[in-house]
Amino acid sequence: MKSTIGIWRLGMLTLAAALLQGCAVEVENLKPSRLFERDRQAPGSVYTGWRVFQERCASCHGQSANGGPGPDLLPIMRQFGPRRFASLVLDRYDWTRPTGQAREDWLEQAVQRREATLSMPAWQDEPPVKAHIMDLYAYLSARADGRQGTGQPSH
């Protein structure tokens, strides 16, 4: 009887070991993978991004990126990864300005809203924006996913 119980225990332990050997534990990712990719690939300072946003973007998109004459950026930012954001902001958007008018003059007209129709400018020639594009992305993505409120971020 004793040997039967021993063999039975040995068989159960062997079966359990065999079942556990191929077992994998899966954990559900509660955040979309784009948020993971965004956080992993786009280092940047939310505070610095906020400062650049206030200086260059808030006059059109509102102080908290919720819209003004320009669109609300928060729903848009939920769709962008860092590369697409940088590409759109730095390269895609551009103004068609009148011949002979300097870019700075045209930009000043946009900021002061003196022109009837405006579209977003390309910022690749603007050193503060180009140098801090990932900071700007960090701020806007933090606003879009709720990590940053409407006020000034902490340093």
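The values are calculated or read from the model by the stated rules, or taken from the named source; none is laboratory data. Predicted model only: the values in this text are computed from it and were never measured. Please note: Cβ atoms are built from the backbone with ideal geometry, for glycine as well, and neighbour counts cover all protein chains shown.
Working only within the range 38-49, note down all residues that are assigned to a helix (DSSP H, G or I) and either at pLDDT 90 or above or aromatic (Phe, Trp, Tyr) (or both). Don't jump to the end; show me each part of the working.
Within the range 38-49, the first condition is being assigned to a helix (DSSP H, G or I), and the residues that meet it are 38-41, 46-49.
VAL46, TYR47, THR48, GLY49, listed by residue number.
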The range 118-140 residues that are modelled with pLDDT of 90 or more, paired with ones that are buried (at least 16 other Cβ atoms within 10 Å of the Cβ) and of a type in the set (Ser, Thr, Tyr) (beta carbon under 7 Å, 6 or more apart) | HIS132/THR48; ASP135/SER45; ASP135/THR48; ALA138/SER45
Is there any pair with a first residue in the range 59-76 that is more than 17 Å from GLY49 (Cα to Cα) and a second that is of a type in the set (A, V, I, L, M, F, W, C) and part of a helix (DSSP H, G or I) whose Cβ atoms are under 7 Å apart and which are 6 or more apart or on different chains, and what are they?
-> GLY68/CYS60; PRO69/CYS60; GLY70/CYS60
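The rows are residues; the columns are (1) at pLDDT below 95; (2) over 16 Å from the mean Cα position of the chain (by Cα); (3) surrounded by 13 or more Cβ atoms within 10 Å (Cβ to Cβ); (4) in a helix (DSSP H, G or I).
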{"site": "ARG51", "(1), (2), (3), (4)": "no, yes, yes, yes"}
{"site": "CYS60", "(1), (2), (3), (4)": "yes, yes, yes, yes"}
{"site": "ASN66", "(1), (2), (3), (4)": "yes, no, yes, no"}
{"site": "GLY70", "(1), (2), (3), (4)": "yes, yes, yes, no"}
{"site": "GLN79", "(1), (2), (3), (4)": "yes, no, no, no"}
{"site": "ARG83", "(1), (2), (3), (4)": "yes, no, no, yes"}
{"site": "THR96", "(1), (2), (3), (4)": "yes, yes, no, no"}
{"site": "THR99", "(1), (2), (3), (4)": "yes, yes, no, no"}
